[in-house]
Each structure stands twice: as structure tokens, then as C-alpha cells.
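Chemist: Have a look at the structure that comes next, please.
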2 protein chains.
Amino acid sequence: MPRSVQITKEKILTAALDVLIREGYSAVSIKSIARELNCSTQPIAWQFGNMDNMREALTMEAVTYANKKMMPTSTDCIEAFWQIGYGYINLAFNTPNLFRFVYMGESKNYCRGGFNSFLTDKGNAVLIDKLYPYLNISREQAEMLFQRMIVYTHGMVSLVVAGVLNCTKEQVYSIVKDFGSDLLSLTDTALDIGTVMSNITEV
Amino acid sequence: MPRSVQITKEKILTAALDVLIREGYSAVSIKSIARELNCSTQPIAWQFGNMDNMREALTMEAVTYANKKMMPTSTDCIEAFWQIGYGYINLAFNTPNLFRFVYMGESKNYCRGGFNSFLTDKGNAVLIDKLYPYLNISREQAEMLFQRMIVYTHGMVSLVVAGVLNCTKEQVYSIVKDFGSDLLSLTDTALDIGTVMSNITEV
């Protein structure tokens, strides 16, 4: 069995993701992946052909990694909602190179679609379905809340990752929470917002 | 008088900005600027020494360009506020390469400071000073409004520039306006928000 057969696509992508997270996308090349795997460049070139194909596959790999990191575990829908935001903030602070690649345009292969694509995404749709009856608001209000939280949180952390703003992770948590609490007060929920917010534990 | 003297720093930066806007930062090099100016690389290398110095100077040039584009002209403070947001959206759609360079981290030389730096910026501080008495709200509420508008607008347009979201300029105008109108309703302004918003003309 030739050596190249043992270097699976999966192994190559894991190594490429490691290089991306550690050194940034500009450091990802067939050469650097080969070094990471301690093999020749041949099996990588053979599996992916060129860097365009590699970038496309790496985008999928990076998105899967990011989605896993943001996957909410709580059965409480408010807490689950916060876990996504919290996960997104952590992703930006802990793995800025991956964040830049997927969410700040370096990959050039990650397009979610139109503005409503945040809502039709399967996991998000399920969460919105739980949120609006819980808060006793319309689905439209819950969707608006959801979209605005995502866009605002992205605005905050992408400015930090870009180096335009200096903020600590703790500052961003607190800024985003205050924003969420104010957005809740824009809905006609009868729940006490202070109580809702105080139930959120840092995960 | 040797030719190199005629190639001023100013001329070089104007040419570099043209290349940046047209082709993106990755295309900016001493060679491409020389081609743009129809001169040899010598005067450019002589003026800037290396690409790090050039990038730093180009950042200043690009920020000045961006600030000019966003400079409000209205004497009405609500309209002036909208002109900044409108200018920011247009900047992203019309000159995405410049936007990526300055606001999405490519430059690596543009840091505004902490989260409150949006408020201490001279032009912004003057505008906030007009906004809060006009709306009859506290300065703190006006600052919050200001910060959230900037962060949210940045979130929207940077997702579009990154290719993550597909939105037209008109969609973004409308989404940002709705957001602003809702943020206004969070303050205790006694003004009729519908009237305030309807006074905004597209500039």
C-alpha cells in the first residue's frame, strides 16, 4: 500500500485547520500542511489538486468547527440563545484567525444567503420556535431579536478582531448582554427582563 | 532637478490609494504604485523605505479619505447622524477594498482605542452634544444610541463586504433605519419618532 493512501482527505483537512487556527490563512499552503503531517506534498496535491479546492474544503471544515463550538447545550431557550452569542464571542477571541477566515471574508467561500438566512438555518429556526412562545411575543419579534443580536455581536467582535477596537472578552459579554436586555424590552413580553437576564449563567 | 524629486510623498500616496480602491490591498506594492505613476520604483522606495512604512502612511490616507466621505453636511443633528451611517454604508458598497483595509483589519495600523473611543472622537463628540438636548434625553442615552448604531451598521455592512450576507445597499439603509427608530424608542425622548425619522432625506 503506498504511503499516500494513508494520508486521507480528513487528515489533511484537520492539519490545514490546525495551521489556519495557529498561523492564519496566509500560512496555509500545500507545503505547510505537508510539514504539519510530516509527509511529502504529493498526497495533498493529489487529493486537492489546487489551493482553490483546498480553500473550499477548508471553509466547510472551519464552519463545522465553528458551529460545534457555538452549539447550545441548554434546554432553556434563553440560555441556549445566550450560549450561541457567548460561543461566537469566544470563537472570535480564542481563534481569531479562524474567525477572520470564515466570518470576515478571507475564505471567499462562505455565503449564508440573504438577510433572512440567519433565521432559516435549521438550528436557529428550532430555537426561534421555542423563543417566541416562551417570551409570549410574535414570531416576527423573536426573529428581529435574533437577527439584531447576531448582527450586533458580529459588529462588536469583528471590530475587536480587526484591531479597530480594544475590548476584553468580559467587556464584550457585558455590552452584548445589555444590548440583549434592551432589545427584549422592545418586544411585548410580559416576563420580567431582569429575572430573565439573571437566569443566564456564564457557560 | 532629478526626476525623483517631482514624485512627492503626496503623489505616491494618492496613487497607492487608487490601487487600493481599485484592486485591493494585496495589489499595493512599490512596483504597482510605480506603474500607476509611470515612474521607476526608485523614488517610491526612497520615500518610504519599505512596505511597512507605506502601509502605515496609506492607512492615514485611507482614513482621511473615509472620514471625508462620511462628513455630515446637515445642520440638523438627526440628519447629520444619519449622514454618517449613510456614508459608512456607501463607503462599504462603493469602495469595499478600502473598507476591508481600514475597518476589517487588513491595514493592521488602524486602532481607535477602547469601546468609548467612538464617543471621544472630535466630530462625534460635537454631534452627541447636539443630539441629546435636541432629543431631550441624557448624554448617556445619546452615547448609547450612537455606539449601538455604529456597531450595528458595522456588523451589517462588514457581513456584506465579507460575502457572508447578500444584501443590497437599499436593504441595508432600510434595516439600519428601522434599527435606529427602535433604538430611539428606548430613550425617553418625547419627540414623535415617526416624524423624526420621516425628516431624514436620503442624501
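Every number in this text was worked out from the coordinates using simple rules, so none of it is lab data. Values in this document were obtained by computation on a predicted structure and should not be read as measured data. FYI the Cβ positions are ideal-geometry reconstructions off the backbone, even for glycines, and counts take in every protein chain you see.
Chemist: How far is residue B:171 from the same spot in each other copy, in nm, shortest first, if each label point sits 7 Å from Cα toward Cβ?
Modeler: Counterpart label points of residue B:171 in the remaining copies fall at 3.3 nm.
Chemist: Could I ask something else about it? Given the rotation that superposes chain A on chain B, what residue of A brings its beta carbon nearest the axis, and what is the distance in Å?
Modeler: Smallest Cβ distance to the axis, with its residue: A:155, 1.
Chemist: Right, something else. Once the piece of chain linking residue A:8 and residue A:120 is laid out straight, how much longer is it, given 0.36 nm per residue of separation minus the C-alpha distance between them?
Modeler: Net length gain for the segment: 37.0 nm.
Chemist: Go ahead and estimate [θ] at 222 nm for chain A from helices alone: -39,500 (n - 2.57) per DSSP H run with n ≥ 4, summed, over the residue count, rounded to 500. List each step's numbers first, then the result.
Modeler: Working: 12 runs with 145 residues, N = 203.
It lands at -22000 deg cm²/dmol.
Chemist: Stretched out fully, how many nm does the piece from residue B:35 to residue B:193 gain, at 0.36 nm a residue minus the Cα gap? Walk me through the numbers before you get to the answer.
Modeler: Numbers: separation 158, 0.36 × 158 = 56.88 nm, distance 5.29 nm.
Answer, rounded to one decimal: 51.6 nm.
Chemist: Quick one: label points 7 angstrom along Cα→Cβ at residue B:192, distances to the other copies in nm, smallest first?
Modeler: 3.7
Chemist: Given Cα pairs under 8 Å that are at least 6 residues apart, what percent is the relative contact order of chain A?
Modeler: Rounded, it is 19 percent for chain A.
Chemist: Could I ask something else about it? Please express the Cα-Cα pair-distance distribution P(r) of the stretch A:1-79 as a list of whole percents, one per 10 Å bin, running from 0 to the bin with the greatest distance.
Modeler: Reading the bins upward from 0: 18, 46, 20, 11, 5, 0.
Chemist: What percentage of all Cα-Cα pairs in chain B are separated by more than 25 Å?
Modeler: Working: 9261 of 20503 pairs.
Result: 45 percent of Cα pairs exceed 25 Å.
Chemist: Determine by what factor the alpha-carbon radius of gyration of the protein assembly as shown differs from 2.2 N^0.38 Å, reporting the quotient.
Modeler: 1.09
Chemist: Can you tell me which lysines have their Cα less than 23 Å from the Cα of residue B:68? Leave out same-chain residues fewer than eight positions away.
Modeler: Within the straight-line cut-off, residue B:68 pairs with B:9, B:11, B:108, B:122, B:130, B:169, B:177.
Chemist: So, one more: Cα-based Rg (one decimal) and Dmax (whole number) for the stretch A:96-203, in Å?
Modeler: Rg, Dmax (Cα atoms, Å): 15.3, 43.
Chemist: Then there's this: Can you compute the FRET efficiency between residue B:178 and residue A:42 using 1/(1 + (r/R0)^6), with r the Cβ-Cβ distance and R0 = 56 Å? Round to the nearest 0.05. Numbers along the way, then the final one.
Modeler: Values: r = 55 Å, r/R0 = 0.98.
The calculated FRET efficiency here is 0.55.
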